[in-house]
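*Asks:* I am attaching a structure below and will ask some questions about it afterwards.
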Amino acid sequence: MLRFIVRRLLGAIPVLLGLSVILFLFLRLLPGGGPAEAILGQHATPELVAQISHTQGFDQPLYVQYFDYIGRLLQGDFGSSFIDGRSVVDSFLVRFPGTVELTIGALIFAVGIGIPLGRLAARHPNSWLDGIVTVISLFGISIPVFVLGYTMAFVFSVQLHWLPDVGQLDPRLDIPAVTHFSVVDAILAGDWHVVDALSHLVLPSIALGSIPLAVITRITRASVIDVSNEDYVRTARAKGLTDRRVNSRHIMRNAWLPVTTVIGLQTGQLLAGAVLTETVFTWNGVGSWVVTSIQNHDYVVVQSLILIFAVIFLTVNLIVDVGYAFLNPRIRYS
Amino acid sequence: MTASPVAVQAGATERASRGLWGDAFRRLMRNGPALVGLGLIVFFVSCAILAPVIAPYGPNTGSLSNFLQGPSPSHIMGTDKQGLDEFSRVLYGAQISLTVGVVAVLFGLIGGTIVGAIAGGAGGLLDSVLMRITDVLLAVPGILLAIGIVAWLGHGEIQIMLAVGISYSPIFARLLRGSLLALRESDYVIAARSMGASPRRILIRHMLPNALTPLIVQATLAAATAIIDVAGLGFLGLGPGDPRVAEWGEMLTDSRGFLQNAPWLIFFPGLAIVVSAIGFNLLGDGLREALDPRLKR
């Protein structure tokens with residue numbers, strides 16, 4: 001197992017190096033002149049361009065710039081924003097907890113509803129119940145996050161006033177940001193402020209969790225039906241075990257495997273989905289930061305964030321693969 | 001004693017072979033959900049083609065004095081903040097959103113097929129290098145790669161097609177390479193090789209046609225996500241960039257501020273995206289079942 005993990009980690013190195021070359025060239029080869037011109041946009045004067053090119057090292061040969069870039073990355077220096085001058089790492093640490101919270105909320109929604117729905121459909125295949133579950137999952141994969149988000153915001157915020165649709169916390173509560181996890185900060189602040197934090201999480205979590213919900217429902221259904229037709233399940237029933245025991249001991253134990261893999265893979269995809277969800281709900285996370293950085297031509301931030309997203313994505317995928325080996329003793333990675 | 005030909009005919013009538021595609025087509029035509037999907041796609045394509053005939057107004061004809069009017073007989077889907085007819089813009093939007101989504105998938109399919117065929121056909125070092133490149137592209141999750149490429153290429157329909165196409169191509173490349181590797185040792189490929197067929201001929205005449213079915217299914221399903229992704233780019237302000245161009249995603253961006261007064265601005269373009277994506281998803285699932293009858297939903 002250790003050898004497998006080490007091999008996977010080593011395998012990630014060329015991928016990240018390749019991506020670093022592409023992202024390095026992304027900034028250097030921006031259309032419309034050099035990187036300094038692109039960053040400055042309409043404010044580009046020859047003096048400013050020369051100044052930025054010099055301070056950022058854009059006037060050096062490309063290979064010198066690349067090694068300099070890699071050297072700084074290895075020291076944890078992802079550059080600074082051209083807009084507010086803050087280091088990307090500092091801003092990332094403030095915004096990442098928001099994205100993590102949203103991802104956890106979406107996963108709880110998708111897993112908590114998807115697995116029971118999938119099991120329900122599998123118990124009565126080709127029934128009207130199965131039909132309804134199929135239609136729900138079809139909608140889940142066909143509805144864009146922003147359409148679902150706005151529709152829910154209209155119904156539950158604008159019309160019914162049940163849930164908030166903007167931000168992570170009510171600004172009037174003035175909750176101090178200690179951990180930047182809004183739920184944790186709200187708990188620390190006491191006074192049941194956590195209810196406010198959780199109510200802000202509901203709509204964005206559902207919007208972000210809609211695609212994983214659909215995928216998890218489908219895979220649970222298919223997996224449970226598959227396992228239910230196995231000989232050992234028939235044997236278990238034949239020897240008179242209760243339905244409940246067959247379900248928990250024989251079916252679900254084996255049906256979990258593909259379901260957990262899909263949950264893991266969907267977790268990685270949620271990062272990309274957060275870009276749209278955070279924009280819809282003005283959520284202060286990494287996803288909405290990507291969008292504002294692109295709009296502000298803050299290319300250093302865009303470049304660094306794509307790399308950070310890739311590192312997180314590869315890490316999540318590795319954890320999924322390792323977790324799969326733990327769960328399934330039949331698989332041994334060599 | 002041998003059975004007379006007449007007796008055999010009475011027991012089982014022999015039908016002419018219809019081939020893989022003929023059988024698949026018959027199965028598809030008996031698949032209700034897939035037909036619904038096909039119907040939805042035909043409906044939206046007709047809307048796109050007939051937009052100039054059906055639409056009561058041009059995509060950019062309207063007057064500011066009509067802004068944010070609710071659905072009424074003269075504007076069945078209401079008007080937007082510039083007084084433009086929402087129904088007409090949804091119809092014209094079908095032209096952009098469907099074309100950009102489908103062409104993006106075609107770009108991805110062509111790129112992925114070339115890379116996958118070279119990698120799966122050639123093997124060796126070239127295969128390793130090409131697969132590492134696809135690994136790099138696959139390391140950036142989902143729509144983020146397309147966002148990065150559009151940020152780099154700039155606004156425009158071609159740029160969006162390229163961005164979404166590039167972000168899909170590694171998926172197609174890996175799929176095709178996997179199928180080709182599985183086919184390499186199949187009997188008919190070995191037979192062709194032993195008869196002296198060139199590697200190129202084996203790849204193009206024997207292996208590719210047999211490896212295409214999963215690609216076709218994947219491409220149909222990808223069309224659904226491409227329509228959603230293209231709308232997502234438009235929604236994020238990375239769409240065609242020309243406010244005169246009606247694009248479903250961009251139409252939604254503007255609606256945020258009018259959630260309270262004009263919810264129809266979200267509802268109708270949103271519905272168009274959802275229903276067209278459902279169409280491609282249903283057809284894709286149906287094609288999968290038709291082309292591989294062992295599979296059930």
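The values are calculated or read from the model by the stated rules, or taken from the named source; none is laboratory data. Predicted model, so just to flag it, every value in this text is computed and none were measured. A quick note on method: Cβ atoms are made from the backbone with ideal geometry, for glycine too, and the neighbour counts reach across all protein chains shown. For accessibility, only protein heavy atoms count, side chains too; no ligands or nucleic acids. Shrake-Rupley method; radii C 1.70, N 1.55, O 1.52, S 1.80 Å.
*Asks:* I want to confirm something. Restricting to region A:114-146 and keeping residues that are touching a Gly at 6+ places or on another chain (Cβ under 8 Å) and part of a helix (DSSP H, G or I), which single residue is farthest from the other protein chains (Cβ to nearest Cβ)?
*Replies:* Residue satisfying both the conditions and the ranking: A:133.
So that you can scan it fast, the table gives a plain yes or no per residue for (1) touching a residue at least 40 places away in the same chain (Cβ under 8 Å); (2) within 23 Å of residue A:314 (Cα to Cα):
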site: B:138; (1), (2): no, yes
site: B:141; (1), (2): no, yes
site: B:148; (1), (2): no, yes
site: B:159; (1), (2): no, no
site: B:174; (1), (2): yes, yes
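*Asks:* Sort out which residues of region A:147-179 are within 14 Å of chain B (Cβ to nearest Cβ), free of Cβ contacts under 8 Å to residues at least 24 places away in the same chain, over 21 Å from the mean Cα position of the chain (by Cα) and assigned to a helix (DSSP H, G or I), and write them in order of number.
*Replies:* Correct list: A:151, A:154, A:155, A:158, A:159.
*Asks:* Sticking with this structure for a sec: Step by step: first the residues of region B:269-294, then only those that are away from chain A (no Cβ under 11 Å) and buried (at least 22 other Cβ atoms within 10 Å of the Cβ), then the one that is modelled with the highest pLDDT. Which residue is that? Show your work before the answer.
*Replies:* First, pick out the residues of region B:269-294 that are away from chain A (no Cβ under 11 Å): B:283, B:286-294.
After this cut, where a residue has to be buried (at least 22 other Cβ atoms within 10 Å of the Cβ) as well, the list is B:283, B:286-287, B:290.
On the way: B:283: 94, B:286: 90, B:287: 90, B:290: 86.
Top of the filtered list is B:283.
*Asks:* Test residue A:20 against the criterion of being of a type in the set (S, T, N, Q) and within 14 Å of chain B (Cβ to nearest Cβ), and give yes or no.
*Replies:* Numbers: of a type in the set (S, T, N, Q): yes; within 14 Å of chain B (Cβ to nearest Cβ): yes.
So residue A:20 fits the description; yes.
*Asks:* May I ask you to verify whether residue A:182 is free of Cβ contacts under 8 Å to residues at least 60 places away in the same chain and among the small types (Gly, Ala, Ser)? Outline the logic, then answer.
*Replies:* Details: free of Cβ contacts under 8 Å to residues at least 60 places away in the same chain: no; among the small types (Gly, Ala, Ser): yes.
When the stated conditions are applied, residue A:182 does not pass them.
*Asks:* Continuing with the same structure: Output yes when any residue across region A:308-328 is within 14 Å of another protein chain (Cβ to nearest Cβ), touching an Asp or Glu at 6+ places or on another chain (Cβ under 7 Å) and more than 24 Å from residue A:82 (Cα to Cα), and no when none is.
*Replies:* No, the conditions are met nowhere in region A:308-328.
*Asks:* Are any of the residues in region A:262-275 out of contact with any Gly (no Cβ under 7 Å at 6 or more places or on another chain), part of a helix (DSSP H, G or I), touching a residue at least 24 places away in the same chain (Cβ under 8 Å) and away from every other protein chain (no Cβ under 14 Å)?
*Replies:* For region A:262-275, residues out of contact with any Gly (no Cβ under 7 Å at 6 or more places or on another chain), part of a helix (DSSP H, G or I), touching a residue at least 24 places away in the same chain (Cβ under 8 Å) and away from every other protein chain (no Cβ under 14 Å): present.
*Asks:* Just the residues that are among the basic types (Lys, Arg) and assigned to a helix (DSSP H, G or I), please, taken from region A:49-105. Reasoning before the result, please.
*Replies:* From region A:49-105, those among the basic types (Lys, Arg) are A:72, A:86, A:95; that's our starting set.
Of everything in region A:49-105, those that are among the basic types (Lys, Arg) and assigned to a helix (DSSP H, G or I) turn out to be A:72, A:95.
*Asks:* If you don't mind, another one. Output the number of residues of region A:18-60 satisfying the condition of being within 26 Å of residue B:130 (Cβ to Cβ) and either touching a Leu at 6+ places or on another chain (Cβ under 7 Å) or touching a residue at least 24 places away in the same chain (Cβ under 8 Å) (or both).
*Replies:* To start, the set of residues in region A:18-60 that are within 26 Å of residue B:130 (Cβ to Cβ) comprises A:18-29.
Within this subset, residues satisfying the condition of being either touching a Leu at 6+ places or on another chain (Cβ under 7 Å) or touching a residue at least 24 places away in the same chain (Cβ under 8 Å) (or both) are A:19-21, A:23-24, A:26-28.
Number satisfying all stated conditions: 8.
*Asks:* For region B:96-126, how many residues meet the condition of being open to solvent by less than 60 Å² (accessible area, probe 1.4 Å) and part of a helix (DSSP H, G or I)?
*Replies:* Quick first cut of region B:96-126, residues open to solvent by less than 60 Å² (accessible area, probe 1.4 Å) only: B:96-98, B:100-105, B:108-109, B:111-113, B:115-117, B:119-121, B:123-124.
Checking the rest, the ones that are also part of a helix (DSSP H, G or I) come to B:96-98, B:100-105, B:108-109, B:111-113, B:115-117, B:119-121, B:124.
Final tally of qualifying residues: 21.
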